[in-house]
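Colleague: One structure coming up, written as structure tokens, with questions to follow.
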Amino acid sequence: MELTMFYDAAASAGMLTEVIVAGEPVICEFRAPDESVLAGLVLSTEYAIRYPASRLPSLATGDTVVIAGESYQVREVRALADGSERRAILTKL
């Protein structure tokens, strides 16, 4: 099963967040500081989005994204595993 199919299924279940990038909506996993992750075992310490690389291939450091009406600047983009998925660390503006 392709990674994008997992994201589509999670989006259908209401588990993901709409992120506006260059005026276009993209569904991503969004994490905010002090959000419980890994079934409550760990707290996230930074804003971040996780997404299939094919859906935002040109997202780069310095870009601005909008999540729930709030603007964030991309601080860093990292490839995960085989590169088909990426994680962008954000700073709230």
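The values are calculated or read from the model by the stated rules, or taken from the named source; none is laboratory data. Small disclaimer: the values here were computed from a predicted structure and weren't measured. Every residue, glycine as well, gets a Cβ built from its backbone with ideal geometry; the counts of neighbours run over all protein chains shown. The protein model used for the area step is the full one, side chains on, heavy atoms only, and it has no ligands, DNA or RNA in it. Shrake-Rupley method; radii C 1.70, N 1.55, O 1.52, S 1.80 Å.
Colleague: Select, from S54, S71, the only residue that is open to solvent by 50 Å² or more (accessible area, probe 1.4 Å) and either in contact with a Lys or Arg (Cβ under 6 Å, 6 or more places away or on another chain) or of a type in the set (S, T, Y) (or both).
Modeller: Result of the check over S54, S71: S54.
Colleague: Identify, by number, the condition in (1) under 17 Å from F6 (Cβ atoms); (2) in a strand (DSSP E or B); (3) of a type in the set (G, A, S) that S54 doesn't meet.
Modeller: Single failed check for S54: (2).
Colleague: Which residues, counting only those in the stretch 75-89, are within 10 Å of Y47 (Cβ to Cβ) and not basic (K, R)?
Modeller: Selection gives A88, I89.
Colleague: Within the stretch 75-93, can one find any residue that is more than 13 Å from the chain's Cα centre (by Cα), part of a strand (DSSP E or B) and more than 14 Å from T17 (Cα to Cα)?
Modeller: Yes, the stretch 75-93 contains a residue that is more than 13 Å from the chain's Cα centre (by Cα), part of a strand (DSSP E or B) and more than 14 Å from T17 (Cα to Cα).
Colleague: I'd like to know if the stretch 29-49 contains one or more residues that are open to solvent by less than 40 Å² (accessible area, probe 1.4 Å), modelled with pLDDT under 95 and assigned to a strand (DSSP E or B).
Modeller: yes
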